[in-house]
1. With +1 assigned to the C-beta of every Lys and Arg and -1 to the C-beta of every Asp and Glu, and no other charges, what is the dipole magnitude of the chain about the Cα centre in debye, to the nearest 20?
2. Where Rh denotes the Kirkwood radius from the mean inverse Cα pair distance, what is Rg over Rh for region 84-162?
3. Going through region 106-162, which chymotrypsin sites (Phe, Trp or Tyr not before Pro) have at most 13 other Cβ atoms within 10 Å and a DSSP loop state?
4. Taking loop as defined by DSSP and a crowding limit of 16 other beta carbons within 10 Å, which trypsin sites (Lys or Arg not before Pro) in region 6-107 fit?
5. For region 61-138, give the magnitude of the charge dipole about the Cα centre (Cβ charges: +1 Lys/Arg, -1 Asp/Glu; no others), in debye to the nearest 20.
6. In whole Å, what three semi-axes, largest first, describe the equivalent ellipsoid of region 118-182 built from its Cα gyration tensor (square root of 5 times each eigenvalue)?
7. Could you please state, rounded to a whole Å, how far the C-alpha centre of region 114-186 is from the C-alpha centre of region 17-90?
8. Relative to the first principal axis of the alpha-carbon coordinates of the chain, what is the inclination of helix 149-160, with its axis defined by its Cα atoms, in degrees from 0 to 90 and to the nearest 10?
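Computed from the coordinates by the stated procedures, all read-outs in this text should not be read as laboratory data. It should be emphasised that the depicted structure is a prediction, and the values quoted were computed from it without experimental measurement. In this analysis, Cβ positions are derived from the backbone assuming ideal geometry, glycine residues included, and neighbour counts consider all displayed protein chains.
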Amino acid sequence: MGSQQHGFCEGVTMNISDTIRKRVHESGDRYWAGDNISQHLNSGEKEQLINEVTKKFNDVLESLVIDIKNDPNSMDTGRRLAKMYINEIMAGRYNKRPNTTAFPNTGESGYHGMITARAEFTSLCSHHHQPVKGVAYIGVIPTEKVIGLSKYTRIVQWCARRGTLQEELTNDICKEIMKATESEHVAVYTQATHGCMENRGVESHSSLTQTTVVKGLFNTTHAKTEFFDNIKLQENFAC
Ligand SMILES: [Zn+2]
């Protein structure tokens, strides 16, 4: 395990998170739970973050009065949690945007109808860090470029693997798909269940939240109807 200490600032020992936060501050960027901060991380710093977070999670477990020195199931939990947060459930904060190769969509072979893609995701609510599991349907009316089908899923998962709200996630997916496809005609519909509703609070086991964002031509009744008809066909196919 590497050192938790990273550098010094005015005689105060800094953690790697302090160093990264300082860079983010200086750039003026935001670093909320749903924001990607990968451009402020240098190579090898994710490992240092995991080491720092391991120590902090161990402190939390100790404060919960769990015997992390003798309970074999809890001994490595601090490290498991740290790795899970940084490499998995919040990977979309620390990893760079996936490469989205775009192919030309012009001439006689160009396609200008609607594309509807389905992508499953797991996210995390910013408030309680409970799982948000669901499906995103993406509608695109392409202009001069199309992206590979797997890229829709990669973008959705990259946006989802952060702390977020479903409404925010839907907006983020829409923004990133618009960027990748260079089309302003994009629609995103998501439906998800929330651990927040199911595992705590009201403990409702059949909660389903739906959100929709439509841009460009998807604001017309015709395109919107076609998009939701396609979703119904996909839902029937998935059953
Ligand atoms: Zn919550």
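1. I would put it at about 260 debye.
2. Checking Rg against Rh, the ratio lands at 1.08.
3. Qualifying residues, ordered by number: Y111.
4. Sites meeting the loop and neighbour criteria: R30, K69, K96.
5. Result for region 61-138 is approximately 180 debye, rounded to the nearest 20.
6. Calculated on Cα positions only, the semi-axes equal 23, 11, 8 Å.
7. 25
8. Once rounded, one gets 40 degrees.
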